[in-house]
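The values are calculated or read from the model by the stated rules, or taken from the named source; none is laboratory data. Since this is a predicted model, take the numbers as computed values, not measurements. Backbone-built Cβ (ideal geometry, glycine too); neighbour counts: all protein chains shown.
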Number of protein chains: 4
Amino acid sequence: MSSTLGTLFKITTFGESHCKGVGVVVDGCPAGMNLTEADIQTQLDRRRPGQSELTTPRDEQDLVSILSGTEFGKTLGTPIGMLVANKDQRPGDYGEMSQVPRPSHADFTYQMKYGIRASSGGGRSSARETIGRVAAGAIAEKFLRERFGVEIVAWVSSIGTIDGPECDLEAITREEVDRSAVRCPHRLAARQMEEAILAARDAKDSLGGIITCVCRNLPVGLGEPVFDKLEARLAQAMLSLPATKGFEIGSGFAGTRLRGSKHNDPFIIKGDRLGTLSNHSGGVQGGISNGEPVYFRVAFKPTATIGQVQQTADFSGRQVKLAAKGRHDPCVVPRAVPIVETMAALVLADLALIQKMRS
Amino acid sequence: MSSTLGTLFKITTFGESHCKGVGVVVDGCPAGMNLTEADIQTQLDRRRPGQSELTTPRDEQDLVSILSGTEFGKTLGTPIGMLVANKDQRPGDYGEMSQVPRPSHADFTYQMKYGIRASSGGGRSSARETIGRVAAGAIAEKFLRERFGVEIVAWVSSIGTIDGPECDLEAITREEVDRSAVRCPHRLAARQMEEAILAARDAKDSLGGIITCVCRNLPVGLGEPVFDKLEARLAQAMLSLPATKGFEIGSGFAGTRLRGSKHNDPFIIKGDRLGTLSNHSGGVQGGISNGEPVYFRVAFKPTATIGQVQQTADFSGRQVKLAAKGRHDPCVVPRAVPIVETMAALVLADLALIQKMRS
Amino acid sequence: MSSTLGTLFKITTFGESHCKGVGVVVDGCPAGMNLTEADIQTQLDRRRPGQSELTTPRDEQDLVSILSGTEFGKTLGTPIGMLVANKDQRPGDYGEMSQVPRPSHADFTYQMKYGIRASSGGGRSSARETIGRVAAGAIAEKFLRERFGVEIVAWVSSIGTIDGPECDLEAITREEVDRSAVRCPHRLAARQMEEAILAARDAKDSLGGIITCVCRNLPVGLGEPVFDKLEARLAQAMLSLPATKGFEIGSGFAGTRLRGSKHNDPFIIKGDRLGTLSNHSGGVQGGISNGEPVYFRVAFKPTATIGQVQQTADFSGRQVKLAAKGRHDPCVVPRAVPIVETMAALVLADLALIQKMRS
Amino acid sequence: MSSTLGTLFKITTFGESHCKGVGVVVDGCPAGMNLTEADIQTQLDRRRPGQSELTTPRDEQDLVSILSGTEFGKTLGTPIGMLVANKDQRPGDYGEMSQVPRPSHADFTYQMKYGIRASSGGGRSSARETIGRVAAGAIAEKFLRERFGVEIVAWVSSIGTIDGPECDLEAITREEVDRSAVRCPHRLAARQMEEAILAARDAKDSLGGIITCVCRNLPVGLGEPVFDKLEARLAQAMLSLPATKGFEIGSGFAGTRLRGSKHNDPFIIKGDRLGTLSNHSGGVQGGISNGEPVYFRVAFKPTATIGQVQQTADFSGRQVKLAAKGRHDPCVVPRAVPIVETMAALVLADLALIQKMRS
């Protein structure tokens, strides 16, 4: 249940860590779009492990194969199946952990929910599940870019206690973001973040952080009143990512401290359209895009799997000590940047197609 | 589109500010439950305007009528239709506003999306839309309480810049919350918050704030991996409420600043079940409830409609001054407390029914 | 569960026989359409009991009230709530039946499924449930007519063993259909059908029959490949009506006896479009409308509730004799004509909105 | 759009004739079930071409590979991805047809709907799309058999104008069905049918036919009132199959000719449960299974692709002659037998899981 997202631009993901592969079916992508594996591989490369010393040293190529839905490099309007083979298809590597549910991991809840769980690697709670999302999101993003000129850019705005300065929402680009391995566009902050991650790694510990994302050039009118408000769909999408603990749009939690007279965004004329002077709303009013940049922030907790010895209990309640072996990310936040962009693109593409029924 | 929420416990709301009424259809409520209007009216009374001097002086009784789905005080398992008549069924009171979209309100986006909008009162973005939700949520909550002993309690944890101290998640009750009109369980903070709201009202201004909510006694196993994680569904539900700008669960944004060794929740034995020593996770791991209290916070922006004169533009782009007339809440946060509880109940009832397929 | 139909043009019905009322919420109707109760009442009048001596003598006015979603006679794009009050709101009239499940009625299965059932009148399996559908269908039909010029006409093509001759699919009108109380457009057959129904009534027995329906002027391209083929959605919609036992489109069951060389519909030029010479396909190819008339037939079993004494068993298995009291239709087929049109309109409106995402 | 079926037991298919492969994702299959490729291959083998001289001589092995969702031969409760590679991955073999839409095929409607279509083989309207369904259906069937003892058996009851005699719904088995290549359990009728198919093949023509299916040992209570009635969901599922034109359940179209007193199914005691003496209802009352066998019939038109020369028009409206080249089934009905069983299993598994929320 629940591996499907969207109403008209609909995706269904599948796959665990050590099965034959992970993948996705994209149903509802418009026909006649140019599409080859190269369009998809770029974002997959940005999310894969082994890109830098900041991430797990596992080297996964994660090459995508389009199984269906295109012919001669064009989409047919039919479901696009995509598959990324798992390099390591041997279940059982983490076998020794099996009697001890890892703290703040999904071992315990999966076991209780299903009465069984993948012997290793986190099953569907594994970060590898996001591969299917990213492959689908690359298509959604291409559609949005070609049809509306939409630009989606995410970056790391904090790692642990190190905050980067604010960025220019109107101007920031992926190129700027990718200049540092940590994907913070500010050189100094980026260096501090990288040092913090390496220090955490050496201490067999982990760090969390915050990703900010902006979506520019959205058409006015995306988002459905009530339960499918643009921000509601974004919040669901972001909180569906592993390790996320929070979402805020526009002024967010800090905006609760302002008075209405300060917080309201007055209308002004911007070229041939009505815009707003400030953008505390984050580009949405009443759940519907208003033409200003949509921006939001997503909180990621520190990675649960750490090499330090932890005092915990096994399934029988017996006190045990646990220290994770193997190759783990001390901080997943830099690799989560393209995944946040992905989820935004998936939500926006779906809402854009829904809005077309009103044209 | 989009007025329906849920998979098995499914609700569909309808109604604007000045039509004949607002209501809801609840489809999927289990049969054989005792249910009369009295079970529903309690939460509706907690959300209605005119409860205290903190809210709009509009006095709306909001009496609910069950149209279908019960007989002799028991649910039949069939859709429960419910209706609350609108006292004021005259569209047009706010007519003078019609050429000027109110800043940070939905006037502009509705007009652009639909090419038409309700002449007054905000249409589906109006707070009256939440009446149907609250009526449905009262049923969901009764189901959860009777079947599992679930307790859901929300309260105001900040208003503007005034923060209440932390509450005991294991113990706090609605009675404690309702002791103050502002619904903050701490006497001193409550008094300060009330003064701040009255001061904002007198200044023809408005305030926002934060609501915290805890759900106790949830069974283990609620929430579906990937897109219907418990926290993803909660986030969608909360961000679907008018005026919300953020959601965080467990350690939330602050948790991003902790190291993994500190943030992880070690397992310990709690009576006959495995629990966790700390609860930074907020009761969910891998998107699935683990038996610990689920708690989360929701950010509400300051009310957009204020009596102060605002400089803005009309639909034609002409600069105008706008001052809202009529009766407005200087702060919606206290009245939103039962609505946050409602949305939590709706999400949890749906996930509880879905999980039953695995029993 | 399951009282909701449609993806973009979405309806949710509620109500039993003896509760306060029956109704529907229509979500997704385009904004800016002229709509008042008068647009809806026409089809409700065609379905209500008491229209002629052929039907139950119960005289139900079934006046519809629009609760929400319109203002000044125009749709707002928001959910349209509609309610028809039940004249007889006293549960219990059929109380004596309660220990004896009526043969071929839903008493037994509802009791087993829910552990409870409405004390009277069939609950959600009652024909009154279709009132909400018809109200919604009138809106769907208006949308299709105004946007595309779609015409939907259904009629009675057989009652019991009496078959009417074939009708001209291109030309038949509702006026022709309504000339006889039995809604068969052929005068002689209509008279025979009416006599058969009156004879069955006098024998305390009941009759079934077949309704044929044609949908003209559909745009090419409606229907989604695979599970939402136009004919699949129509089949579901028709078999969701009480008392239906079969559906066939185009050549249907008889077409299985033809050879491909005879059955195939060759293409020819028709004005400025490609059409087909014959129409065994019934206006669909690969599940998608091809611009030719869509026509189909629906089988209705004889009414289960009859006045004759029936030998059957009560819930405890004891042999009993049962004779229905009260006012029953000896044949529901004439009144089902507008309901079949309704279901066609609901399916087509939804598929038309879905197809707009491709424009 | 629309490649997804089901609410809790949910499948999503993908793939065309000449892409890399066809497949399916099954989401919602209960955890802990034994499952390997062998469980799935049996039904795939029954549907594949080249089984006998009655079908297309194309020899497709159609070996299924489970990509995800199982470990050590047990289901994990996570999505089960399955893939069948296409043997012939060269698009373009049918290239010469591209300017001439094949009569009664989906070429024209796909082209009009999408503005593009697969260069060959029918795209998603191809029979190969059903491979994913059959793979998924094998899992659904295993679940139903192990959990409830459900037995689903379909057979050919007519080919063209040759009707087989009635079968014993309580006793018929797949072994009896598979004794003849045409899958009619009556020896004499089977021989006549086979001769008819060979004669049609030699005449470069094609035949249709009717498949009957029975589902035994269903628990009471499956099916949801109103739009998800058991027969409504079956009707949708069957009419979603390529080449189907009709569906009838129980007494079907013939039942419309009976009087109610004859058609009604009186209750009698059957062992420890209440059953019915006759079964005109086809095992459903009010859309809900009543414990009697569910049986229904599905009409398949004669194959559209024939070798005979047909007079038709090309896309520009010019009159042309068309004769299909290549390898075609003169009659798809025998191979459709396991596909009808598949669709029944998919519907019933979903409704069985939904009903569990009431336990």
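Key figures for this structure:
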| read-out | value |
| --- | --- |
| Members of the range C:265-289 that are at pLDDT below 95 and closer than 14 Å to D:A106 by Cα | none |
| Residues of the range B:18-32 classified as more than 8 Å from chain C (Cβ to nearest Cβ) and part of a strand (DSSP E or B), total | 2 |
| Selection count, the range B:55-89, where residues are surrounded by fewer than 23 Cβ atoms within 10 Å (Cβ to Cβ) and assigned to a loop (DSSP other than H, G, I, E, B) | 15 |
| Condition met for A:V26 (among the β-branched types (V, I, T) and either within 16 Å of D:I11 (Cα to Cα) or more than 20 Å from the chain's Cα centre (by Cα) (or both)) | yes |
| All positions within the range C:307-322 that are touching a residue at least 24 places away in the same chain (Cβ under 8 Å), in a loop (DSSP other than H, G, I, E, B) and touching a Lys or Arg at 6+ places or on another chain (Cβ under 8 Å) | C:G307, C:Q308 |
| Checklist (1) in a helix (DSSP H, G or I); (2) touching a residue at least 12 places away in the same chain (Cβ under 8 Å) applied to D:C184, failing item | (1) |
| Total residues in the range B:247-269, condition more than 7 Å from chain A (Cβ to nearest Cβ) and not aliphatic (A, V, I, L, M) | 1 |
| The range D:125-142, residues that are away from chain C (no Cβ under 14 Å) and in contact with a Phe, Trp or Tyr (Cβ under 8 Å, 6 or more places away or on another chain) | D:A140 |
| Test: residue in the range C:229-241 that is of a type outside the set (G, A, S), at the interface with chain D (Cβ under 7 Å from one of its Cβ atoms) and not in a helix (DSSP H, G or I) | yes |
| Residue match in the range C:137-154 (condition: part of a strand (DSSP E or B) and β-branched (V, I, T)) | yes |
| Pairs with Cβ under 8 Å, 6+ apart, first in the range C:340-359 and of a type in the set (S, T, N, Q), second outside any helix (DSSP H, G or I) | C:Q355/C:P219; C:Q355/C:G221; C:Q355/C:L222; C:S359/A:S359 |
| Flag if C:I159 is at pLDDT 95 or above, β-branched (V, I, T) and either within 21 Å of the chain's Cα centre (by Cα) or closer than 23 Å to D:D228 by Cα (or both) | yes |
| Hits in the range D:276-291 - residues which are more than 9 Å from chain C (Cβ to nearest Cβ) and surrounded by fewer than 24 Cβ atoms within 10 Å (Cβ to Cβ) | D:S278, D:N279 |
| B:T244 vs. criteria crowded, with 24+ Cβ neighbours inside 10 Å, of a type in the set (S, T, Y) and facing chain A (nearest Cβ under 7 Å) | no |
| Per-region count, the range B:251-279, residues among the small types (G, A, S) and in a loop (DSSP other than H, G, I, E, B) | 3 |
| Hits in the range C:190-212 - residues which are out of contact with any strand residue (DSSP E or B) (no Cβ under 7 Å at 6 or more places or on another chain) and either in a helix (DSSP H, G or I) or without any contact (Cβ under 8 Å) to a residue 24 or more places away in the chain (or both) | C:A190, C:R191, C:E194, C:E195, C:L198, C:A199, C:R201, C:D202 |
| Which listed residue is within 17 Å of B:D329 (Cα to Cα), in contact with a helix residue (DSSP H, G or I) (Cβ under 9 Å, 6 or more places away or on another chain) and buried (at least 21 other Cβ atoms within 10 Å of the Cβ), from B:I152, B:I159 | B:I159 |
| Extreme residue, surrounded by the most Cβ atoms within 10 Å (Cβ to Cβ), among residues of the range A:254-275 that are among the polar types (S, T, N, Q) and under 20 Å from B:A324 (Cβ atoms) | A:N264 |
| Number of the exception - A:A313 against (1) more than 9 Å from every other protein chain (Cβ to nearest Cβ); (2) at pLDDT 95 or above; (3) under 29 Å from A:M112 (Cβ atoms) | (1) |
| Condition check for D:F296: modelled with pLDDT of 95 or more, touching a helix residue (DSSP H, G or I) at 6+ places or on another chain (Cβ under 8 Å), more than 7 Å from chain C (Cβ to nearest Cβ) and within 17 Å of D:A344 (Cβ to Cβ) | yes |
| Criterion (surrounded by 22 or more Cβ atoms within 10 Å (Cβ to Cβ), farther than 30 Å from B:K245 by Cβ and under 22 Å from the mean Cα position of the chain (by Cα)) met by exactly one of A:P330, A:P302 | A:P330 |
| Single condition A:D272 does not satisfy, out of (1) facing chain B (nearest Cβ under 7 Å); (2) at negative phi | (1) |
| Candidates A:T12, A:T7, filtered to the one that is within 14 Å of chain B (Cβ to nearest Cβ), at pLDDT 95 or above, part of a loop (DSSP other than H, G, I, E, B) and within 20 Å of the chain's Cα centre (by Cα) | A:T7 |
| B:S52 at pLDDT 85 or above and in a loop (DSSP other than H, G, I, E, B) | no |
